[in-house]
Amino acid sequence: SEVSDSEEVYHSKNIKTSIYVSYSETIENSQDVGNSSFVWDSGQVLNSSNITNSTEVFESTYIVNSDGIFRSSNVVECMAITNSHNLTDCGYCADCKNLKNALFCQGVTDSEYMLFNKPIDKVRFDMIYKQFKKFSPRIQLTEPWKRIHGQTPRVNYNYRKHHANISIGFWRWVRTLPNFDPMTMYSITFDPQFLH
């Protein structure tokens, strides 16, 4: 009910200017949304709620201006976050909590200005973060959606495949960063290249 300027909407309500929405409610200016609610200007959102200006979000809540968020909550301006809560301006972090200004961290709690689980000064972090934001590729949590009547997108539960399409050039850049730790990268990506 209450669907306007939208296409391919199934078992959903309060949908505006959106396409491919299934089993969801209150969706605006979004596409490929399944089993979710309160989604604005976002895409590839599954089993989530309160998502704004974000893509590739799965089983998460309160996500703003972020990409590649998996089973997390209260995430703002982040990318490639897994099983984490209360993160701001972070990238490639897993199992973290109450973290700000961090890159490539795993299991870090109540910290700020971190790189590979170690503190880094603000000036150096800001320089690296600026490069990260410019060059970091998006991860892909969902499998290509066939958009069959009423079907929602499927999530790829193989963490390693989330990073499969990332160029070798990006990983080379990551290896040049201060504090580079291959075990931390493996813990985040499950990519065996970091074990060699």
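The values are calculated or read from the model by the stated rules, or taken from the named source; none is laboratory data. Quick caveat: nothing in here was measured; it's all calculated off a predicted structure. Cβ sites come from the backbone with ideal geometry, for glycine too, and all protein chains shown count toward neighbours. The accessibility values were calculated without ligands, DNA or RNA, using every heavy atom of the protein model including side chains. Shrake-Rupley method; radii C 1.70, N 1.55, O 1.52, S 1.80 Å.
Of everything listed in (1) of a type outside the set (D, E, K, R); (2) in contact with a His (Cβ under 7 Å, 6 or more places away or on another chain); (3) open to solvent by 50 Å² or more (accessible area, probe 1.4 Å), the single unmet condition for SER72 is (3).
Of all the residues in the stretch 52-69, those that are open to solvent by 20 Å² or more (accessible area, probe 1.4 Å) and assigned to a loop (DSSP other than H, G, I, E, B) number 3. Taken together, the residues in the stretch 104-126 that are in contact (Cβ under 8 Å) with a residue 40 or more places away in the chain and of a type in the set (A, V, I, L, M) amount to 2. Per the conditions (1) open to solvent by 60 Å² or more (accessible area, probe 1.4 Å); (2) under 15 Å from the mean Cα position of the chain (by Cα), the sole criterion not satisfied by LYS122 is (2). Is there any pair linking a residue in the stretch 155-168 that is within 22 Å of SER48 (Cα to Cα) to one that is assigned to a helix (DSSP H, G or I), with Cβ under 6 Å and at least six apart or on different chains, and which? Every condition considered, the pairs that remain are HIS163/THR189.
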